[in-house]
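Have a look at the structure below, then the notes.
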Amino acid sequence: FQPIIDLDARRMAGAEALIRWEHPQRGLIPPDIFVPLAEETGAIINIGLWMVEAVCQQLANWKKQGADRYISINVSARQIPDGLPPITLIETVNRYGVDPANLAIEITESVFMGDSDAAKIWLDAVHELGFRIYLDDFGTGYSSLSYIKRFPVDVLKVDKSFVRDMSEDNSDRALVGAIINMARSLELTVVAEGVETQRQLDLLEAAGCGCVQGYYFSRPVPAEAIEGASRRIELLL
Ligand code: C2E
Ligand code: CA
Ligand code: CA
């Protein structure tokens, strides 16, 4: 889990679930290596279903501790619409006694590229059930305003490539500023990802960015290390 920090509330508001494969011989394998393969073979369907269970378990633990936090999960185009039925999502959160508003679904624009009517029906259903929709890697693809209008998107995640170059590159700074302003006028929240330095954080705060995520605050950590990360974040804020 990698903490997501709300800059206005000055706290860790949630976390993104980032999958790892603990291989008996090769050690920890990052998702860039096996997720594309899992998409190809279809194994991503069962991995995705497992992910929802694991995340609901964590959300139920937080609820028990009285911690109000959300978790976002990454969902591949391959899982939509039939690999992760809306009914399965709602049944799972209900089984764990978790509020759907605390589970966010991160998708990329690739979801809109295939059968966009089927994707829209899926997204509308999921949104209607109370789950929130995050548009990931924003700025790298078409970043089409018509998508944001047509599909139920709640949050834009600014891709880390823009954040990385913000400190040196004025055009990237302008671009991030424009995305933040556009999001604000559409009443969308912005999460900037890949924040590694104080300088990047300062620039993002000055631009009015609502939430950030990145190594500056915390790397992705196993569940048992989250409370420690949350306390370190409070000291940094
Ligand atoms: P993503 O969704 O864009 O996730 C953000 C990636 O940026 C993560 O890499 C995270 O560890 C990394 N990151 C976070 N903060 C920083 C930073 O400050 N600097 C830099 N350089 N990197 C940072 P990770 O965990 O290796 O995940 C890679 C990709 O794998 C994810 O990109 C996502 O597309 C995919 N992925 C991860 N988990 C899942 C999953 O459960 N299902 C599916 N379908 N895809 C997943
Ligand atoms: Ca993501
Ligand atoms: Ca991303």
task = May I ask you to compute the full-extension gain from Glu39 to Ser144, defined as 0.36 nm times their residue separation minus their alpha-carbon distance, rounded to one decimal in nm?
result = 35.3 nm
request  = Could you calculate the contour length gain from Leu18 to Asn181, that is, 0.36 nm times the residue separation minus the distance between their Cα atoms, to one decimal place in nm?
outcome  = 55.9 nm
task = Once you have a ≥ b ≥ c as the square roots of the Cα gyration tensor eigenvalues for the chain, tell me rounded if a/c is under 1.5, and otherwise prolate or oblate according to whether a/b is larger than b/c.
result = rounded
task = Among DSSP beta bridges whose residues both lie in the chain, state the antiparallel percentage, nearest 5.
result = 35 percent
request  = Sketch the reach of a paramagnetic label on Gln57 as a point 7 Å from Cα along Cα-to-Cβ, and name the residues of segment 1-38 whose backbone nitrogen lies under 16 Å away.
outcome  = 1, 17-22
Added length on full extension, which subtracts the Cα-Cα distance from 0.36 nm per residue, Lys120 to Asp68 = 15.8 nm
message = Taking a ≥ b ≥ c as the square roots of the Cα gyration tensor eigenvalues, with a/c under 1.5 meaning rounded and otherwise prolate when a/b beats b/c, else oblate, which class fits segment 111-237?
response = oblate
ask   = Just in segment 152-221: which chymotrypsin sites (Phe, Trp or Tyr not before Pro) are loop by DSSP and have at most 16 other Cβ atoms within 10 Å?
value = Tyr215
ask   = In a GNM of the chain with a 10 Å cut-off on Cα contacts, which of Ser161, Ser146, Ser76 has the highest mean-square fluctuation?
value = Ser146
key: Protection proxy ranking of 33-43, 180-190 - average other beta-carbon atoms within 10 Å, highest first   = 180-190, 33-43
Positive minus negative residues near Ile233 (Lys, Arg vs Asp, Glu; Cβ under 13 Å) = +3
query = Out of Gly48, Gly210, Gly97, any idea which swings most in a Gaussian network model of the chain, alpha carbons joined below 10 Å?
reply = Gly97
request  = Note down the nm distance, to one decimal, between modelled labels 7 Å out along Cα→Cβ at Gln25 and at Arg11.
outcome  = 4.7 nm
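Read the figures in this text as sums done on the coordinates, not as results from a lab. None of these values were measured; they are calculated from a predicted model. Neighbour counts run over all protein chains shown; Cβ positions are idealised from the backbone, glycine included.
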